[in-house]
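S.K.: What follows is a single structure, and I will ask about it in a moment.
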Amino acid sequence: MIRDDEVTGRIRQGDAGQFESLFRSSYVSLVRYAKIIIKDHDTAEEIVQDLFVRLWQDRQTLTIKSSLNGYLFRAVHNRCLHWISHSRVIEKHAMEMAAEEQPKAESPLEVMQYGELQKKIAEVLEKLPERCGRIFNMNRFEGLKYTEIAEKLSISVKTVEAEMGRALKEFRKALR
């Protein structure tokens, strides 16, 4: 049996076989654990996959002071808590936006401003990179969640979040 510090040392040196072995031996139990916290299988898988991607990307600076297994479970736990916190912020924002949207009579000026806004939105969407614009459309106009978009496009939720951030940044610049 290989000790934890040997495993982390090999991974730190770029041993893909050792990393894959760790992934295969830990993946199912980490997803089960995440699912207990998150209550959604797809999101639990995404969290664990993202952990391993990050672990491989940062392998050269990998320092684990506890057991490797303990480290992985703690990392999944923290990522789940972060996901829950992030989801609550999104829900709160959506509820605030829905509360602000009250039907009212539109004046000719409002109709004109709405038309100008639609035109500006179309211009910004046209300038966005293809994937970024597609993700924005899927989220804002088709009402798909980040996990649904990630699944449809075969990309990670983090990639969807990054592309949405990029799109929103461009919209903020254009609509100032």
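S.K.: Given (1) part of a helix (DSSP H, G or I); (2) at pLDDT below 80, identify the lone condition not met by residue 56.
M.R.: Tallying (1) part of a helix (DSSP H, G or I); (2) at pLDDT below 80, residue 56 fails exactly one: (2).
S.K.: At least 3 residues that are over 17 Å from the mean Cα position of the chain (by Cα) in each: list the helices (runs of 4 or more DSSP H) lying fully within region 77-154 that qualify. Working first, answer last.
M.R.: On the way: elements: 108-127, 130-140, 146-153.
Output list reads 108-127.
S.K.: Then there's this: What are the pairs with Cβ atoms under 8 angstrom where one residue, in region 10-29, is without any contact (Cβ under 8 Å) to a residue 40 or more places away in the chain and the other, located anywhere, is among the polar types (S, T, N, Q)? Sequence gap at least six, or different chains.
M.R.: From residues that are without any contact (Cβ under 8 Å) to a residue 40 or more places away in the chain, the pairs are 10/18.
S.K.: If you go through region 59-76, how many residues are over 16 Å from residue 36 (Cα atoms) and in a helix (DSSP H, G or I)?
M.R.: Residues of region 59-76 over 16 Å from residue 36 (Cα atoms): 59-71.
Next, from what is left, pick out any that are in a helix (DSSP H, G or I): 59-61, 68-71.
Number of matching residues: 7.
S.K.: Is there a residue in region 68-76 that is farther than 24 Å from residue 149 by Cβ and among the polar types (S, T, N, Q)? Write out each step before concluding.
M.R.: Our first condition is that a residue be farther than 24 Å from residue 149 by Cβ; within region 68-76, this holds for 68-75.
This time we only want the ones that are among the polar types (S, T, N, Q), so: 69.
Taking every residue of region 68-76 in turn, at least one turns out to be farther than 24 Å from residue 149 by Cβ and among the polar types (S, T, N, Q).
S.K.: A further question follows. Determine whether region 18-38 contains at least one residue that is modelled with pLDDT under 90 and either closer than 23 Å to residue 159 by Cβ or within 19 Å of the chain's Cα centre (by Cα) (or both). Even if it seems obvious, please write down each step before you answer.
M.R.: Step one: of region 18-38, the residues modelled with pLDDT under 90 are none.
No; the residues of region 18-38 include none that is modelled with pLDDT under 90 and either closer than 23 Å to residue 159 by Cβ or within 19 Å of the chain's Cα centre (by Cα) (or both).
The values are calculated or read from the model by the stated rules, or taken from the named source; none is laboratory data. All values reported here derive from a predicted model rather than from experimental measurement. Glycine also receives a Cβ, built like all others from the backbone with ideal geometry; neighbour counts cover every protein chain displayed.
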